[in-house]
Amino acid sequence: MFKSRISSGKHMICDICDIKNNELLNNKELLKNLLKNICIKYNFEILGELEYSFTPQGCTILLLLSESHISIHTFPERNHISFDIYTCRQYNNNNEYNEIFDYLIHSLQASLNSKCTIIDRDFSNNNKNINNKNNIDNNVETDFFDICTPLDS
């Protein structure tokens, strides 16, 4: 009756607001340490690092993981951080991701009203909310998929 769902991992997206620890918002080294502490605790293998500082303020840090990625983007003018982590690990529940969210709120001295969404990713074709060529609104003037060049061509 139900098709079996094959998990491709979990994806957590967070909007962390009202950050009191403003020192962190422009400090790439401290933010990298925050991300690396998460990787150490949960045994995520870091394959690469990328970072960028914006003018006059703010930064983005991306860690490429063997399991996928973890990223952070700061908005110091709004005391806000956008955080994203996706791993292909198989978890029975959201406990690990909830711990990571709590760690971020505590470390950043952020509002408990910050938002966190955890998405169970899967390989099924059952998800009606996936935007792909077969279900994008027909009102789009240019077909994005026809103007893109595959990376391997």
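Only the coordinates and a few stated rules stand behind these numbers; no lab work does. Owing to the predicted nature of the structure, the values given are computational and were not obtained by experimental measurement. All Cβ positions, even for glycine, are placed from backbone atoms using ideal geometry, and neighbour counts span all protein chains on display.
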Checklist outcome for this item: Label model pair ARG121, GLU45: point-to-point distance (7 angstrom along the Cα→beta-carbon line) in nm is 1.7
Checklist outcome for this item: Fewest-first ordering of THR55, THR117, THR60 by Cβ atoms within 10 Å yields THR55, THR117, THR60
Next on the checklist: Quick one: 3J(HN,Hα) in Hz for segment 95-105, Karplus 6.51/-1.76/1.60 with θ = phi - 60°, rounded, Gly and Pro as x.
Outcome noted: 4, 4, 5, 5, 4, 4, 4, 4, 4, 5, 4
Item to check | Backbone HN-Hα couplings from phi across segment 73-78 [Karplus 6.51/-1.76/1.60, Hz, Gly and Pro as x] | outcome: 9, 9, 10, x, 5, 10
Next on the checklist: Can you compute the FRET efficiency between ARG78 and ILE6 using 1/(1 + (r/R0)^6), with r the Cβ-Cβ distance and R0 = 30 Å? Round to the nearest 0.05.
Outcome noted: 0.20
Checklist outcome for this item: Where a ≥ b ≥ c are root eigenvalues of the Cα gyration tensor, a/c under 1.5 meaning rounded, otherwise prolate if a/b exceeds b/c and oblate otherwise, segment 60-105 counts as oblate
Checklist outcome for this item: Relative contact order as a percentage, segment 62-125, C-alpha pairs under 8 Å and 6+ apart, gives 19
